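The values are calculated or read from the model by the stated rules, or taken from the named source; none is laboratory data. In this text, all values refer to a predicted model and were calculated from it rather than measured experimentally. Backbone-built Cβ (ideal geometry, glycine too); neighbour counts: all protein chains shown. These accessible areas exclude ligands, DNA and RNA; they are computed on the full protein's heavy atoms, side chains included. Shrake-Rupley method; radii C 1.70, N 1.55, O 1.52, S 1.80 Å.
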Amino acid sequence: LPQETTTLDTNVSVCLSCSPGNIIGSGIFISPKGVLEHAGSVGLSLIVWVCGGGICALGSMCYAELGVTIPKSGGDYSYVTEIFGGLVGFLLLWSAVLIMYPTTLAVIALTFSNYVLQPAFQNCVPPYLATRLLSTICILFLTWVNCSSVRWATRIQDVFTVAKLLALGLIIAVGLVQICRGHYDALRPSQAFEFTRDPSVGQIALAFLQASFAFSGWNFLNYVTEEVVEPRKNLPRAIYISIPLVTLVYTLTNIAYFSSMTPEELLASNAVAVTFGEKLLGVFSWVMPISVALSTFGGINGYLFTSSRLCFSGAREGHLPYLLAMIHLKNCTPIPALLVCCGATIVILCIGETHNLINYVSFINFLSYGVTIAGLLYYRWKRPNLLRPIKVSVLVPISYLVFWAVLLGFSLYSEPVVCGMGIVIMLTGVPVYFVGVHWKNKPRCVYRVVGEQQNDMLPSPYRH
């Protein structure tokens with residue numbers, strides 16, 4: 001891999017990662033339906049949202065310790081590679097490139113298309129082909145933007161973050177007005193805990209998976225640790241500000257939903273915020289689908305931006321092909337990595353349904369979080385005398401891992417096909433690792449095909 005190459009303009013990426021806006025995304029417009037469906041009651045669904053924020057706070061504190069102990073960009077992947085070695089790190093990278101980022105992008109793109117098309121199909125679900133086509137166009141356009149200019153990509157992120165905050169602020173404000181007027185029947189304790197089905201641990205675990213999708217992004221700051229100024233101060237500060245704030249916003253948003261919709265109406269809605277706007281905003285109901293669509297548009301852009309950084313970390317460790325490590329010399333953008341992510345996302349768009357995709361990606365996300373936090377405990381045992389500017393109580397990672405084990409075990413029991421598929425895809429990386437990475441003395445013809453000819457076939461702006 002080239003050591004001296006043109007690097008990305010990353011000044012703005014650090015700001016994006018530090019902000020709670022990186023956590024607050026399309027998930028809050030998608031997950032409430034799934035959380036309520038699996039929780040079975042309004043009251044339990046709200047408890048899931050609050051506890052979900054608490055679990056993220058525990059995980060964030062563990063990641064803060066790892067971030068200053070192993071000051072490498074790349075997040076989970078860099079930490080696991082440092083602690084457990086190449087194979088486990090590669091499997092984490094493999095699952096991120098093939099599952100986490102493409103599936104998350106697919107879910108956000110489908111949300112974008114649903115909110116754009118829902119006003120035109122008020123009494124039915126938008127056509128399958130129309131949602132996929134619009135999602136694909138959105139992914140292709142934003143991939144082109146990210147390939148063309150880092151500055152364009154970051155400006156889009158800044159502008160569309162405003163739409164996200166506008167939509168949530170409007171929902172919370174209108175919801176609080178409704179509550180002040182006495183419209184909170186679904187929130188009364190006598191009704192809030194009326195279960196539509198007998199609650200089970202497996203279904204509650206799936207409710208947490210749905211909520212965790214909305215919280216995804218809490219560890220993004222660790223992807224750019226090397227670029228954070230004074231990480232010992234700023235990592236904990238970002239955690240203590242962002243996680244409680246996001247949890248409060250999500251809980252108030254769900255309370256606002258239930259102030260205007262019955263549980264049955266929320267479960268029947270294909271676009272919760274649109275239904276909310278139609279019931280309460282009258283002639284201004286058009287504001288809601290536009291705001292959510294703009295929010296999800298910015299979310300897609302942000303995930304495309306972040307996914308390329310993970311590819312660079314993998315290339316630095318020799319776990320990804322030479323091609324994906326290349327940056328366009330003029331635009332300073334990782335075009336090959338962006339194209340791979342775009343292609344994988346479009347494939348998943350064509351074969352997945354939003355609800356199952358959320359369970360699928362959330363299961364793999366939690367699996368990687370747990371492995372990383374288990375690595376924290378192992379690293380303390382392996383290198384007890386290593387300087388740790390931040391050191392959390394041992395009860396924090398243990399508490400997280402107990403919850404993690406219960407959640408993944410019952411999720412796998414309740415959705416064996418969806419969750420099991422993620423594990424199978426992750427394990428397919430084992431032979432790939434031994435053939436592509438561990439096997440050092442490959443025949444010269446292999447190196448010629450993968451290395452020299454690759455470089456010769458590329459246009460001159462991509463060569464190193």
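Using only the Cα atoms of the chain, each taken as one equal point scatterer with no solvent, compute I(q) by the Debye sum, divide by I(0), and report log10 of the ratio at q = 0.06, 0.07 Å⁻¹. The computed values of log10 I(q)/I(0) come out as -0.26, -0.35.
The 3J(HN,Hα) values that the Karplus relation (6.51, -1.76, 1.60; θ = phi - 60°) gives for the range 278-292 are, in residue order, 5, 7, 10, 9, x, 5, 9, 4, 5, 4, 5, x, 5, 5, 5 Hz. Gly and Pro appear as x.
With θ taken as phi - 60° and the Karplus curve 6.51 cos²θ - 1.76 cosθ + 1.60 applied, the whole-hertz 3J(HN,Hα) list for the range 412-419 is 5, 5, 7, 10, x, 6, 5, 6 Hz, x standing for glycine and proline. Centre-to-centre separation between the Cα atoms of the range 239-313 and those of the range 130-145: 20 Å.
Along the range 361-378 the Karplus relation, 6.51 cos²θ - 1.76 cosθ + 1.60 evaluated at θ = phi - 60°, assigns HN-Hα couplings of 6, 5, 4, 5, 4, 5, 4, 5, 4, x, 4, 5, 6, 4, x, 4, 5, 5 Hz to successive residues, with x for each Gly and Pro. Its DSSP H runs of at least 4 residues, each contributing -39,500 (n - 2.57), put the calculated 222 nm mean residue ellipticity of the chain at -23000 deg cm²/dmol, to the nearest 500. Under 18 Å of direct C-alpha separation, and excluding same-chain neighbours fewer than eight residues apart, Lys391 reaches these lysines: Lys72, Lys233, Lys382.
The trypsin sites (Lys or Arg not before Pro) of the range 196-276 that meet both conditions, a loop assignment by DSSP and at most 13 other Cβ atoms within 10 Å of the site Cβ, are Arg197. In the chain, taking the dipole from charged Cβ atoms about the Cα centre, the farthest positive-side position among Thr345, Tyr250, Ile83 is held by Ile83. Taking every alpha-carbon pair under 8 Å whose residues sit at least 6 apart, the chain reaches a relative contact order of 34 percent.
Convex hull volume of the Cα atoms of the range 278-417, normalised per residue: 240 Å³.
In straight-distance terms, cross-link reach from Lys279 covers every one of the lysines whose alpha-carbon lies under 19 Å from its own, apart from those fewer than eight places away in the same chain; here that gives Lys33.
Ligands, DNA and RNA are left out, and with a 1.4 angstrom probe the accessible area of the chain is 42 Å² per residue. Based on Cα contacts under 8 Å between residues 6+ apart, the range 292-364 shows a relative contact order of 20 percent.
About the centre of its Cα atoms, the range 248-402 shows a dipole size close to 1020 debye [charges on the beta carbon of Lys, Arg (+1) and Asp, Glu (-1) only; nearest 20 debye]. Could you look at the chain and say what percent of its accessible area is carbon and sulfur, using a 1.4 Å probe and all protein chains? Percent of accessible area from carbon and sulfur atoms in the chain: 67. Only the Cβ atoms of Lys and Arg (+1) and of Asp and Glu (-1) were treated as charged; on that basis the dipole of the chain about its Cα centre amounts to roughly 1000 debye.
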